[in-house]
Amino acid sequence: MKRDWDEAVAVSPISTRAAAALARRALQVTLRKKGFSAPKLVKEIDLATASPDTPTSLREKLHVVREIGNDAAHPNEDEAGALVDVSSDDVEFMFETLIEAFDVYFVRPERHRKLLEARKKGGA
């Protein structure tokens, strides 16, 4: 997950498509590490969005990350028949969403665990 994230950030100034594809991969690894595992990313996102662990603010954005990542990895066409490109704004959206996902799924639970552990050690 970290490797995919670091690589996406590193290549973003050079290739938005590469960054988006790697960000999509980082999302998929994140969801799998959280336990939302299925044969396809769309199903993994569906599992995540059905979970009470996933806040409403993140649910719709997960699918947008998948869609942008798919556009980066596949020669998708828009309504006019032109190949869909990935903009730097798209990549920024993906990065912001991934940061939110990392916080929701890993940072907050660990912070919560540590606070409770410290409280128990304090004798409360």
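The values are calculated or read from the model by the stated rules, or taken from the named source; none is laboratory data. On a predicted model such as this, the values are computed, not experimentally measured, just so you know. With ideal geometry, Cβ positions are generated from the backbone for all residues, glycine too; neighbour counts draw on all protein chains shown. What goes into the accessible areas is simple: the full protein's heavy atoms, side chains included, and nothing from ligands, DNA or RNA. Shrake-Rupley method; radii C 1.70, N 1.55, O 1.52, S 1.80 Å.
With every protein chain in place, what's the accessible area of residue 60 (1.4 Å probe, Å², nearest 10)? Its accessible surface works out to 150 Å², give or take rounding. Each stretch of four or more DSSP H residues adds -39500 (n - 2.57); spread over every residue of the chain, this sum gives -22500 deg cm²/dmol at 222 nm.
Share of carbon and sulfur in the accessible area of the chain stands at 53%, probe radius 1.4 Å. Grab the beta carbon distance between residue 51 and residue 6, set R0 = 25 Å, and tell me the FRET efficiency rounded to 0.05. Efficiency, from the Cβ-Cβ distance: 0.40.
The relative contact order of the chain, computed from alpha carbon pairs under 8 Å that lie at least 6 residues apart in sequence, is 27 percent. Couplings 3J(HN,Hα) for the stretch 67-78, derived from phi with the Karplus relation 6.51 cos²θ - 1.76 cosθ + 1.60 (θ = phi - 60°), are 5, 5, x, 5, 5, 6, 8, 10, x, 6, 10, 7 Hz, where x marks Gly and Pro. Annotation: extensible slack from residue 102 through residue 29 equals 25.2 nm (criterion: 0.36 nm per residue apart, minus Cα-Cα distance). Taking the alpha carbon gyration tensor of the stretch 65-124, multiplying each eigenvalue by 5 and rooting it gives semi-axes of 43, 9, 6 Å, largest first. Here the chain is treated with +1 on each Lys and Arg Cβ and -1 on each Asp and Glu Cβ, and its dipole about the Cα centre works out to around 1240 debye. Here the extension length gained between residue 76 and residue 88 equals 2.5 nm, from 0.36 nm per residue of separation less the Cα-Cα distance. Once the Kirkwood radius over Cα pairs is known for the chain, the Stokes-Einstein relation at 10 °C and 1.306 mPa s delivers a diffusion coefficient of 103 µm²/s. Between the listed residues 104, 21, 122, the Cα displaced farthest toward the positive end of the dipole of the stretch 10-124, a dipole computed from Cβ unit charges relative to the Cα centre, is found at 122.
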